[in-house]
Amino acid sequence: MKAWIRNLAVALVLGVSLLVVGSVPAQAADCRDRIRRAEHRLHEAERKHSEGSKEVRERRRDLERERASCERERRHEHRDNDHDRR
């Protein structure tokens, strides 16, 4: 009976570890995708409108917001990891 409980505990720990480790790259990939889309929208606006146009300024602000959002998420994730190590 003890071996069964120990095996179950090991399986649970491994399962949770895989979930945690797997979610970090997914979040990073999501950030990269959001930034790429914002960059693409900026380049499209630059191609269609003049450099100082309202559309280009808005797309540039959107890109800056996405980068800032991803940076906050990255810092938050690192902070959570630091707390887990204590």
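Could you check segment 45-64 and list, in sequence order, the residues that are part of a helix (DSSP H, G or I) and out of contact with any helix residue (DSSP H, G or I) (no Cβ under 8 Å at 6 or more places or on another chain)? Residues satisfying the conditions are ARG47, LYS54, ARG57, ARG61, GLU64. Figure legend. Inter-residue proximity from segment 17-39: first residues at pLDDT 65 or above, second residues acidic (Asp, Glu) and in a helix (DSSP H, G or I), beta-carbon distance below 6 Å, spacing 6+ or different chains. Indicated pairs: ARG34/GLU66; ILE35/GLU66; ALA38/ASP62; ALA38/GLU66.
The values are calculated or read from the model by the stated rules, or taken from the named source; none is laboratory data. The model shown is predicted, which means the values in this text are computed figures rather than measured ones. Cβ coordinates were reconstructed from backbone atoms using ideal geometry, including for glycine residues, and neighbour counts include every protein chain displayed.
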